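S.K.: What follows is a single structure, and I will ask about it in a moment.
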Amino acid sequence: MNGQRHVNPIVAVSEIARVSLRQLLGRRRTLLLVLLSVLPVLLAITFRLGGRTDIEPFTRRSFDVVTMTIVLPLVAILFGSGAFGAEIDDGTIVYLLAKPVPRWIVVAAKALSAVAVAILLTGASTALAGVIGLFPAGNEGVLATEAEVLAVVVGSVCYVALFLALSLFTRRALVIGIGYMLVWEGALSFILPGIANLSIRQYALGASKAIYVLPLQEARLSAETAFILSGILVAAALIVATWRLMRFELSGGSD
């Protein structure tokens, strides 16, 4: 117990994050996610080769249909649900919990690692696609690119936090995440506009309005509302994850 009081949070976070990054980047599926994240860039190149400089068609076809619907949620959900996944599956989480480190530090380090990798892939992909496909449209193209990157960052943080917490309750977090992506975000959010307050996609698109109003009909939240709801979701998810990790130590396993 005394060790927990004197632990250096910065050192603990950096060490756990280093190990977590190695675990996340060392998996075979990470290569597939890298290839997936290249898709928006390839679409941007195709768009430019066609001589198009219009913001609306590029935003709708590349950013909305590909990045926001497929690339962002899939990458962030995989990394979020996998932050603790390997250690839970092989039982090495027992050794992690045996260290004299407060549980909130463990959760923070895992979340930071997963968020960093998710943003690295989707953020870089979105930015590069914007440079290729939107910058030729002038200042509005630059603003649209910045708005898209902001949306990806907000979405990544929310998805990772939510499914990291969920992964501590069930080993089916990835399956649930894909179902959420396809059913809730992919279908119901379009059919039922009232669920915008419970949609990470809407949080991300709403946040982008702080920089530029992208030509997307389904962006239903204001920037202020999107940031508030995103903050509530992330804080709640991390608090629940910390609580669950404390109980995990006592129960010695996960459901």
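S.K.: Trp184 versus Val131, label points 7 Å from Cα toward the beta carbon: distance in nm?
M.R.: Placing both labels 7 Å along Cα→Cβ, they lie 3.5 nm apart.
S.K.: Another question about this same structure. Starting with the highest mean, order 67-76, 30-39 by the number of other Cβ atoms within 10 Å, averaged over the residues of each peptide.
M.R.: Those peptides, ordered most packed to least, come out 67-76, 30-39.
S.K.: Please turn the phi angles of the range 208-213 into ³J(HN,Hα) values with the Karplus equation 6.51 cos²θ - 1.76 cosθ + 1.60 (θ = phi - 60°), one per residue in order, whole Hz, x for glycine and proline.
M.R.: Karplus-based 3J(HN,Hα) across the range 208-213 equals 4, 5, 5, 10, 7, 7 Hz.
S.K.: Between the helical axis of 9-25 and the dominant principal axis of the chain, each derived from Cα atoms, what acute angle in degrees is found, rounded to the nearest 10?
M.R.: It is inclined by approximately 60 degrees.
S.K.: In degrees, nearest 10, range 0 to 90: what is the angle between the Cα axis of helix 39-49 and the longest Cα principal axis of the chain?
M.R.: 20
S.K.: Order 164-170, 174-180 from most to least packed using the mean count of other Cβ atoms within 10 Å.
M.R.: Order by mean packing, descending: 164-170, 174-180.
S.K.: Pull out the extension gain between Tyr95 and Glu218, defined as 0.36 nm times the separation in residues minus the alpha carbon to alpha carbon distance; nm, one decimal.
M.R.: 39.7 nm
S.K.: If you don't mind, there's one more thing I want to ask. Is the range 30-79 best put as rounded, prolate or oblate by its Cα gyration tensor, with a ≥ b ≥ c the root eigenvalues, rounded for a/c under 1.5, and otherwise prolate when a/b is larger than b/c, oblate when not? Walk me through the numbers before you get to the answer.
M.R.: On the way: a/c = 4.88, a/b = 1.85, b/c = 2.64.
The shape class here is oblate.
S.K.: Let me ask you something else. Working out 0.36 nm times the residue gap between Trp243 and Thr53, then minus their Cα-Cα distance, what length gain in nm do you get to one decimal?
M.R.: Stretched out fully, the Trp243 to Thr53 stretch lengthens by 63.4 nm.
S.K.: To continue, here is another question. Go ahead and run the numbers for FRET between Glu15 and Ile228, Cβ-Cβ distance against an R0 of 30 Å, rounding to 0.05.
M.R.: 0.35
S.K.: Moving on to the next point. If each Cα of the range 1-148 is one equal point scatterer, what is log10 of I(q)/I(0) from the Debye formula at q = 0.09, 0.10, 0.16 Å⁻¹?
M.R.: -0.39, -0.46, -0.83
S.K.: In whole percent, how big is the carbon plus sulfur part of the accessible area of the range 112-255, probe 1.4 Å, protein atoms only?
M.R.: 71
S.K.: Where a ≥ b ≥ c are the square roots of the eigenvalues of the C-alpha gyration tensor, would you call the chain rounded, which needs a/c under 1.5, or, failing that, prolate if a/b is larger than b/c, or oblate?
M.R.: It is prolate, given that a/c is not under 1.5 and a/b is the larger ratio.
S.K.: Give the shape of the range 139-182 as rounded, prolate or oblate, defined through the alpha-carbon gyration tensor: a ≥ b ≥ c are the square roots of its eigenvalues, a/c under 1.5 means rounded, and otherwise the shape is prolate if a/b is larger than b/c and oblate if not. Don't skip to the end; give the middle numbers.
M.R.: Details: a/c = 7.07, a/b = 2.92, b/c = 2.43.
Note, shape of the range 139-182 comes out prolate.
S.K.: Here's another thing I want to ask about it. Let me have the 222 nm mean residue ellipticity of the chain computed from DSSP H runs of 4+ only, each contributing -39500 (n - 2.57), with the sum over all residues rounded to the nearest 500. Let's see the in-between values first.
M.R.: Values: 13 runs with 175 residues, N = 255.
Per the formula, -22000 deg cm²/dmol.
S.K.: Between the range 9-75 and the range 124-188, how far is it from one alpha carbon centroid to the other, in angstrom?
M.R.: With the range 9-75 and the range 124-188 each reduced to a Cα centre, they are spaced 8 Å.
S.K.: May I pose another question? Going 7 Å from the Cα of Val38 toward and past its Cβ, which residues in the range 117-146 have a backbone nitrogen under 14 Å from where you end up?
M.R.: Output list for this probe position: 125.
S.K.: Let me ask something else about it. With every protein chain kept in the model, how would you rank Lys99, Lys209 by accessible area, 1.4 Å probe, largest at the top?
M.R.: On the way: Lys99 105, Lys209 70 Å².
The ordering from most to least exposed comes out as Lys99, Lys209.
S.K.: Nearest 20 debye, what's the magnitude of the dipole of the chain about its Cα centre given +1 on Lys and Arg Cβ and -1 on Asp and Glu Cβ?
M.R.: Its charge dipole is roughly 540 debye.
S.K.: Let me ask you something else. Considering only protein heavy atoms, what per residue accessible area in square angstrom results for the chain with a 1.4 angstrom probe?
M.R.: Values: 11920 Å² over 255 residues.
I get 47 Å² per residue for the chain.
S.K.: Relative to the longest principal axis of the C-alpha atoms of the chain, give the angle of the C-alpha long axis of helix 72-82, reported between 0 and 90° and rounded to the nearest 10°.
M.R.: 10
S.K.: Considering Cα pairs under 8 angstrom that are at least six residues apart, work out the relative contact order of the chain and quote it in whole percent.
M.R.: On the way: 336 pairs, mean separation 62.6, N = 255.
So the answer I get is 25 percent.
The values are calculated or read from the model by the stated rules, or taken from the named source; none is laboratory data. It should be emphasised that the depicted structure is a prediction, and the values quoted were computed from it without experimental measurement. All Cβ positions, glycine included, derive from the backbone under ideal geometry; neighbour counts span all protein chains shown. Just so you know, the surface numbers come from the protein's heavy atoms only, side chains and all, with ligands and any DNA or RNA stripped out. Shrake-Rupley method; radii C 1.70, N 1.55, O 1.52, S 1.80 Å.
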